[in-house]
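S.K.: Supplied in structure tokens, the structure appears directly below.
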Amino acid sequence: MTEDTITLEVTPENAGNRIDKFISDNIDELTRSAVQGLLEKGNILVNGGTVSKNYKLKNGDTVEVDIPEPEPMDAVPENIPLDIVYEDNDLLVVNKPKGMVVHPAHGNYTGTLVNALLYHCGDSLSGINGVIRPGIVHRIDKNTSGLLIVAKNDASHLKLAEQIKVHSFTREYEAVASGYFKETEGTIDAPIGRHKIDRKKMCVTEENSRNAVTHYKVLKQYGGYAHVRLKLETGRTHQIRVHLSYIGHPVLGDDVYGKAYKGIEGQCLHARKIGFIHPTTGEYMEFTSELPEYFISIINKLEKM
């Protein structure tokens, strides 16, 4: 192989550790998820052979890690209309439509929000997340509509990311959820981690997870469905979708954590409000997005049931 190869020797104090944790602790540029990806591709050998992701190390093991050269993949500017709610020299607040992917990835290299941002902003986007995710401070799913913030420079990006980290960022969503809520207001406090079997999914688990807190309030019930407002205290991947499914009320149309519904493309979930302290002025700013047409159409149908 032509990759950069790093060799690690397992000492008695590391014996019994999972291999993904051991490698990510010893090679700064590799996260545990990145290590797991390399294990799946056969880029990591233990004593000359491949091992599973949950392999537990033994004293004296020799671990060889082949780190591939990064694949060149530049996002290209595309003239795609953007719904910009606010913009200044430091940031933008964008209202993303349902069905738009935030940044290029496998299967979606064009038509993304990043492609549109590159056309609109040119070189004026933060570079902290690399060439494929310029300016992206946080994400919302492809089939989730609504507000997200984009940083135009690294200083703004760092300050905004810190607000998310310490939970001072305001993020409110609205959803149509399945089932009748006995408790019309509450908090879901349940840790979220990667699903053991289906690695594309997240789940509530105590193993290799991070704390996750979602506050919810039912706005109106329609027999077997409910219009719900949700406020994120943390921001884990798929948090609202996982948490609502966990308490038995999956988001309507969510075919990953619930089930698909005829006539509904993906989950009925909208990022309605976002609030933050401006990285330069120190002023608290808050923006609200009206419910999109698809969401209102579903509510109207429920009203007639």
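S.K.: Step by step: first the residues of the range 108-138, then only those that are under 17 Å from the mean Cα position of the chain (by Cα) and modelled with pLDDT of 90 or more, then the one that is surrounded by the fewest Cβ atoms within 10 Å (Cβ to Cβ). Which residue is that? Please lay out each step first, then the result.
M.R.: Restricting attention to the range 108-138, the residues satisfying the condition of being under 17 Å from the mean Cα position of the chain (by Cα) are 108, 112-114, 128-130, 132-138.
From the residues that got through so far, the ones that are modelled with pLDDT of 90 or more too are 112-114, 136-138.
Numbers: T112: 22, L113: 25, V114: 26, I136: 22, V137: 23, H138: 16.
So the residue we want is H138.
S.K.: Out of (1) open to solvent by 10 Å² or more (accessible area, probe 1.4 Å); (2) more than 19 Å from the chain's Cα centre (by Cα); (3) among the β-branched types (V, I, T), the odd one out for V228 is which?
M.R.: Unmet for V228, out of (1) open to solvent by 10 Å² or more (accessible area, probe 1.4 Å); (2) more than 19 Å from the chain's Cα centre (by Cα); (3) among the β-branched types (V, I, T): (1).
S.K.: Could you list, in sequence order, all residues of the range 214-223 that are surrounded by fewer than 18 Cβ atoms within 10 Å (Cβ to Cβ), touching a helix residue (DSSP H, G or I) at 6+ places or on another chain (Cβ under 9 Å) and at negative phi?
M.R.: Of everything in the range 214-223, those that are surrounded by fewer than 18 Cβ atoms within 10 Å (Cβ to Cβ), touching a helix residue (DSSP H, G or I) at 6+ places or on another chain (Cβ under 9 Å) and at negative phi turn out to be K220, Y222.
S.K.: Looking at G258, G266, can you tell me which residue is part of a loop (DSSP other than H, G, I, E, B), among the small types (G, A, S) and at positive phi? Outline the logic, then answer.
M.R.: Working: G258 fails: at positive phi.
Of the residues listed, the single one that is part of a loop (DSSP other than H, G, I, E, B), among the small types (G, A, S) and at positive phi is G266.
S.K.: Ok, one more. Residues that are at pLDDT 95 or above, closer than 30 Å to T112 by Cβ and of a type outside the set (D, E): find the strands (runs of 3 or more DSSP E) completely inside the range 11-92 holding 3 or more of those.
M.R.: Working: elements: 44-46, 62-67, 84-87.
Fully inside the range 11-92 and qualifying: 84-87.
S.K.: Of all the residues that make up the range 85-107, how many are within 21 Å of G127 (Cα to Cα) and either of a type in the set (A, V, I, L, M) or surrounded by fewer than 19 Cβ atoms within 10 Å (Cβ to Cβ) (or both)?
M.R.: 12
S.K.: Then there's this: Quick check on the range 231-252: of everything there that is closer than 20 Å to I140 by Cα and of a type in the set (G, A, S), which residue is surrounded by the most Cβ atoms within 10 Å (Cβ to Cβ)?
M.R.: Ranking the candidates gives S245 first.
S.K.: Another question, if that's okay. Could you give every pair whose Cβ atoms fall below 6 Å, whose first residue belongs to the range 101-125 and is more than 19 Å from G146 (Cβ to Cβ) and among the aliphatic types (A, V, I, L, M), and whose second residue is open to solvent by 60 Å² or more (accessible area, probe 1.4 Å) and assigned to a loop (DSSP other than H, G, I, E, B), counting only separations of at least 6 or pairs across chains?
M.R.: L118/P77
S.K.: For the range 146-158, how many residues meet the condition of being surrounded by fewer than 22 Cβ atoms within 10 Å (Cβ to Cβ) and in contact with a His (Cβ under 9 Å, 6 or more places away or on another chain)?
M.R.: So the answer is 1.
S.K.: Under the condition of being touching a Lys or Arg at 6+ places or on another chain (Cβ under 7 Å) and assigned to a strand (DSSP E or B), which residue from the range 177-192 is least open to solvent (accessible area, probe 1.4 Å)?
M.R.: I192
The values are calculated or read from the model by the stated rules, or taken from the named source; none is laboratory data. All of these numbers come straight from a predicted model, not from anything done at the bench. All Cβ positions, even for glycine, are placed from backbone atoms using ideal geometry, and neighbour counts span all protein chains on display. To get the accessible areas, we keep the full protein, side chains included, count just its heavy atoms, and leave off ligands, DNA and RNA. Shrake-Rupley method; radii C 1.70, N 1.55, O 1.52, S 1.80 Å.
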